[in-house]
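Accompanying notes for the structure given below.
Throughout, read-outs are computed from the coordinates displayed, never taken from laboratory work. Quick caveat: nothing in here was measured; it's all calculated off a predicted structure. For neighbour counting, all protein chains shown are included, and Cβ atoms are generated from backbone atoms with ideal geometry for every residue, glycine included.
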Amino acid sequence: MRFELGVALRYLRSGHKSKFISAVTIFSVLGVAVGVMALIIVLAVMSGFDNDLREKIVGVNPQVYVQAAEGITFPYEVIKEIKDIEHVVAASPFIEGQALLFKNKYAQGVMMRGINSQLEPEVTRLREYLIAGYLPEAENSILVGKELARTFNLGVGSIITVVSPVKEKKYKFTVCGIFNTGMYDYDASWTYISLSDAGTFFDTDGAVSAVGVKIDDLFKAEEVKKDILKKLGYSYWVRTWMEVNRSFFSSLKLEKTVMFIIVALIVMVASFNIISTLIMMVMEKTKDIGILKSLGASRISIALIFTFCGVIIGTLGTVVGAGSGFLACHLLEKYEFIKLPADIYYVSTLPVQIQWNDSILIAVSAVALSFLATLYPAYQAAGLNPVEALRYE
């Protein structure tokens, strides 16, 4: 162990004359630990929200949408054209529009999507989300979300009336199944019927609203979009899941950045605690510094002693904070003891996903701030004149 590190460790240990300094040192360590722990938890929760919502959005929606101005008249020919494109896994046509659903005295506007019950499960996870019944195949059958079913007291076999916005005509549908995506907006306002029923309901004259495409890598969507346009021509337009939900994910990213900045201030405050701790330590160890200098210790050695003190405080706080943060994230993920109102936050429990890149950045930043906090006290200690330090001893 080098001389400067040994002296630094000795200064940080409690002694009969330095109880106050030792207490302040402990609080400095705890300050860094709380800041690092809070940052890890906040970023893990924000990343969890981002990932959870993305998975749920692409779970019920295509990753790429192929559309045309007047609808797509020959969707299966379009599917045949694009299925050979790299990264395309599956494709399915759908018809989408709004409708008014009511039963007895209750009425609600809903999104209605007509699907091909054979192809749709290859593009979305709708079949995996079923908690009762089956996908709409039979004539005049409808699939509803869990929250919508609760609102209207619906079960498999229930009859419900839906009004078409095109013909202003009432249609009777039988509930064939109930799904639960875990995302309140979808479960409370989305319904599915067969593609043929949707064609009649929305009077599309055989055209479909779009062809939904599933790809093997979510983040290749832009690349696939260009390939589809090149293959089909510019009479079609193509949108990706990122474009459709751009404002939503942009706001989420902004919230994550703002939360990072706000919570990072805790670590900055902790670094100021390190500065004050080291300044007080320099004042108390003035005699020791004078003795060390008179024995031949250089300015650099004195500066290193207090630099090591600050870095040890920062590193210890970072290790304790990171360990506490990871433990808290593990408990949140395993036991889900924090419940959220799903109609406000889209999800019912607090999602957690630790991003190791973020965690490493937090740890490195905390230690770097601790090092920067040592510069002024170390410079102050190195500049002490041994004669002045020992004059009144």
Inter-centroid distance (Cα atoms) of segment 83-111 relative to segment 325-364, Å: 32 Å
Expected 222 nm ellipticity per residue - DSSP helices of 4 or more, -39500 (n - 2.57), all of the chain, to 500: -18500 deg cm²/dmol
Percent of beta bridges antiparallel (DSSP, segment 70-234, rounded to nearest 5): 75 percent
Square roots of 5 times each gyration tensor eigenvalue, C-alpha, segment 70-234, largest first, Å: 30, 18, 13
Highest-fluctuation residue, Ala69, Ala149, Ala99 considered, GNM on the chain with Cα pairs under 10 Å: Ala69
Answer label for P(r) over Cα pairs in 20 Å bins from 0, in percent (calculated), chosen among (1) 28, 57, 15, 0; (2) 25, 51, 17, 5, 2, 0; (3) 23, 35, 21, 16, 5, 0: (3)
Anchor Lys83: aspartates and glutamates whose Cα lies under 19 Å away (excluding residues fewer than 8 positions away in-chain): Glu120, Glu122, Asp216, Asp217, Glu222, Glu223, Asp227
Unit charges at the beta carbon, dipole of segment 70-234: most positive-side option, Ala91, Ser117, Leu154: Leu154
Chymotrypsin sites (Phe, Trp or Tyr not before Pro), loop per DSSP, at most 12 other Cβ atoms within 10 Å - longest free stretch of the chain: 1-233
Point-charge dipole on Cβ atoms (K/R +1, D/E -1) for segment 70-234, about Cα centre, debye to 20: 620 debye
With Cα atoms, 0 to 90° folded angle of helix 3-12 axis to the chain main axis: 80 degrees
Cα-based helix-to-principal-axis angle, 246-284 vs the chain, degrees rounded to 10: 10 degrees
